[in-house]
Structure formats: structure tokens, C-alpha cells
Amino acid sequence: MSEGDSAGESIHGKPSAISSFFTRLGQIYQSWLDRSTPFSAVRWTVTLLLTAIYMIRVYILQGWYIVTYALGIYHLNLFIAFLSPKVDPSLLDDPDEGPALPTKQNEEFRPFIRRLPEFKFWHSATKGIVIAMICTFFEAFNVPVFWPILVMYFIMLFCITMKRQIKHMIKYRYLPFTHGKRTYRGKEDTGKTFAS
């Protein structure tokens, strides 16, 4: 291949205007994502607002139930990955391999490491809602179905999946929620100095 044959480059080896535009657009998007990282409450509030707007749209239009069902299954999969440990203890042959959670008071505290971190969970969930919202603008995705069956099936799937996840948590003794680093209190400082 010659220099000009690579994707996004013109004949003279310089990036094309379209490639430069999308590169710049990606950089701006990543910059906004980076800025939003510390504001988890605001991020989740915006996501819940988008979810409410999507649900109102589906309710008013009385359609796109398959898209909503697919969105629900996608969010369930994300939630299960969010609750699961990064290294699944059931897949380890030797229980001494890999990180283990402390089971006794005097063992070292190791925080729970998720398979899907909170930021990626939020980002994927929000992208899913936006894609589902875009799908509601196309009649091709409005497949006629009897929606109560989809709701019942989703509730059954949710209950079965969560039951299995909770059994897994109990069997391998882990909690997917950490409350931050432990702090230890030292002796109170009385402010008195010792005279020699």
C-alpha cells in the first residue's frame, strides 16, 4: 500500500476534510466525557431524565415495544455486569488464585472490583437510551406485538437473573457495593505538652 491508500487520507497523504471533522468531533465528545466523570449524580440524573422522555414518547406513540424490550434486556445485561466481580470466583480452578475477598476481621481489606465500572455502565446505558430514542423515529422498528407478554417475560427474566446473581453473591461472599476506604481513629489529641 502506498501512503495515500490508507483510510481517511487523500492522494497527497494529508488527512481529508471529512476525516479531520470526525476526528475533531470525537475529541470534543471525549473531552465532554472526561469533564463529566466526577459528577456521577448529575450524569445519572440526566440518564433518568432521558429514560423518562423515552418512556413518555413510547407511551404517547403507543408503539416500539420491541425496541423498549431490547433496551430493557440490554440494561439488565449491563446491570448484571455492574454487580459481578471482575474475576469471577466460580471460574477459578484453584481458590488460591486471583484476588480473594477477606473473610475474617484481621485479613486485608480489598475493595470490590467490578466487571463493568460505574462510568462505563452509565455511558453504555445512556448510549442505549439515545439509540432506542432514534429508533422510535423510524416506522420500520415499530413491529406490532402484544406488549403485556413482553412485560411479563421481562419481569420473569429479571427475577430469575437476579435470583441467580444473589445466590452467586452469597456463595462467594461478596457485596458489590463498597462504602469507600476505611478510616481509623487515633487517640484524641488533648493539646497538652509533656514537660521534661
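A short reminder: the numbers here are calculations on the coordinates, not readings from a lab. Remember, it's a predicted structure, so these values are computed and weren't measured experimentally.
For Arg114, the residues 5 or more places off, or on other chains, whose built amide H falls under 5 Å of its own are Lys86. Across the stretch 23-28, coupling constants 3J(HN,Hα) worked out from phi with the 6.51/-1.76/1.60 Karplus curve, θ = phi - 60°, read 5, 5, 4, x, 5, 5 Hz, and Gly and Pro carry x.
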